[in-house]
1. How many residues does segment 78-129 hold that are at pLDDT below 95, small (Gly, Ala, Ser) and either crowded, with 17+ Cβ neighbours inside 10 Å or in contact with a Leu (Cβ under 8 Å, 6 or more places away or on another chain) (or both)?
2. Quick check on segment 118-128. Is at least one of its residues assigned to a strand (DSSP E or B) and more than 14 Å from LEU156 (Cα to Cα)?
3. Can you find even one residue in segment 279-286 that is of a type in the set (A, V, I, L, M), closer than 18 Å to GLY174 by Cβ and touching a residue at least 24 places away in the same chain (Cβ under 8 Å)?
4. Going by the conditions given, is LYS48 over 21 Å from PRO152 (Cβ atoms), charged (D, E, K, R), in contact with a Cys (Cβ under 9 Å, 6 or more places away or on another chain) and not in a strand (DSSP E or B)?
5. Hey, any hits in segment 1-12 for a residue that's of a type in the set (Val, Ile, Thr), closer than 18 Å to CYS130 by Cβ and over 18 Å from the mean Cα position of the chain (by Cα)?
Amino acid sequence: MTKFTAATLARRINDFIPMGGNPNRIAVRNVKTLAPLIEVQVTGVLLKKQLAIKVDTDGKRSFRLSGGANAADKGKYTRTAGDGDLHFCLGTKNNEVHIPCEIQAVTNDMVKTINDNRLKQVSVTGFFRCLFEHGGLHQSENTDCHIFEIHPVRALTIAGETHTFEVDEPDDAGIHEDWERNGVSLSTTDSNVHIQPSGATLTFNGMGDDTQGGDVNYVRVRGTVKNVRIMASEGDIVRFTFSSKKIGHDVEGICLPHTTASKQVKGLDGKSVKLTALRNIDLNKALNGEYAINVLAIAFKK
């Protein structure tokens, strides 16, 4: 596990510039330093809920507090419609860059605890993840432009108490079945993305934005688990290969240690299962010029 202050990690993960057009492009710096990250622990301030609503061509960001028209509602957190998760902001102060964090299947009590402790010091542990679902290619007052996040959060130390969270399945409404979105294979849209390296910057080209069938978080798809191995050098995460006709090619999978998925996968080598997972851009392959998706396993079912 790699440890950061929020000041350091927030600065590194927000060094990207989205450029809408034909094709859409996102220029990303710091990929070499971010690619090795799997689980991270970050200390910082639990901010009021803010949105990075605009990223200029020079990288300057504009923010606003989310919430209703009443002043008392500004910057309050709520569960996300669809998957039931809660998104919160970790940083140093509002109106500065933040780290998006996401707790799965959050309870009402936890929502209250988080709202009661805004602007206080917290520590967050979870899976470091990259995806272009909210890359800022279609910017609006309701968009939080980001490509990196801690999702899922596995532990949150707040008000002197550490709360732990299972890597859990979201509400069904938040899951895309059969590796598809609106009847289009995600492998088809993935194949449109290409990478151009330029010094310390990688420019990703050809991804859709939210109005063009952009990326998705949760998927559920049937396939065969192969090559299960425990990686002692990576903190005992479990890696595996997943082969699916729906996907059309093998994808690499990860199970975080001490999760339900990591226990399930050890007896599944060579077996057909239905996998619920989170999509994630493989940054190590991106450094070699290849756009590839791997998956974080949430659950396996027969």
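The values are calculated or read from the model by the stated rules, or taken from the named source; none is laboratory data. Nothing here was measured: the structure is a model prediction, and the numbers come from that model. Backbone-built Cβ (ideal geometry, glycine too); neighbour counts: all protein chains shown. Just the protein is used for accessible areas: all its heavy atoms, side chains included, with ligands, DNA and RNA removed. Shrake-Rupley method; radii C 1.70, N 1.55, O 1.52, S 1.80 Å.
1. The number of residues fulfilling the criteria is 2.
2. Going through segment 118-128, the residues assigned to a strand (DSSP E or B) turn out to be 121-128.
From what is left, the residues that are more than 14 Å from LEU156 (Cα to Cα) are 128.
Yes, because at least one residue in segment 118-128 is assigned to a strand (DSSP E or B) and more than 14 Å from LEU156 (Cα to Cα).
3. Within segment 279-286 (the criterion being of a type in the set (A, V, I, L, M), closer than 18 Å to GLY174 by Cβ and touching a residue at least 24 places away in the same chain (Cβ under 8 Å)), the answer is no, since none of the residues qualifies.
4. Values: over 21 Å from PRO152 (Cβ atoms): yes; charged (D, E, K, R): yes; in contact with a Cys (Cβ under 9 Å, 6 or more places away or on another chain): yes; not in a strand (DSSP E or B): yes.
In short, yes.
5. Checking segment 1-12: at least one residue is of a type in the set (Val, Ile, Thr), closer than 18 Å to CYS130 by Cβ and over 18 Å from the mean Cα position of the chain (by Cα).
Okay, residues lined up against (1) touching a Leu at 6+ places or on another chain (Cβ under 9 Å); (2) part of a loop (DSSP other than H, G, I, E, B); (3) aromatic (Phe, Trp, Tyr):
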{"site": "PHE204", "(1), (2), (3)": "no, no, yes"}
{"site": "ASP209", "(1), (2), (3)": "yes, yes, no"}
{"site": "VAL216", "(1), (2), (3)": "yes, yes, no"}
{"site": "SER233", "(1), (2), (3)": "no, no, no"}
{"site": "PHE240", "(1), (2), (3)": "yes, no, yes"}
{"site": "GLY248", "(1), (2), (3)": "no, yes, no"}
{"site": "ALA261", "(1), (2), (3)": "yes, no, no"}
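Yes or no, residue by residue, for (1) under 22 Å from the mean Cα position of the chain (by Cα); (2) farther than 23 Å from THR164 by Cα; (3) open to solvent by 10 Å² or more (accessible area, probe 1.4 Å):
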position: ARG239; (1), (2), (3): yes, no, yes
position: SER243; (1), (2), (3): no, yes, yes
position: HIS258; (1), (2), (3): yes, no, yes
position: LEU268; (1), (2), (3): no, yes, yes
position: ILE281; (1), (2), (3): yes, yes, no
position: ASN288; (1), (2), (3): yes, yes, yes
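Condition check ((1) open to solvent by 20 Å² or more (accessible area, probe 1.4 Å); (2) modelled with pLDDT of 95 or more) across all residues:
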residue: THR157; (1), (2): yes, yes
residue: ASP168; (1), (2): yes, no
residue: ASP171; (1), (2): yes, no
residue: HIS176; (1), (2): yes, no
residue: GLY183; (1), (2): yes, no
residue: THR189; (1), (2): yes, no
residue: PRO197; (1), (2): yes, no
residue: ALA200; (1), (2): yes, no
residue: PHE204; (1), (2): no, yes
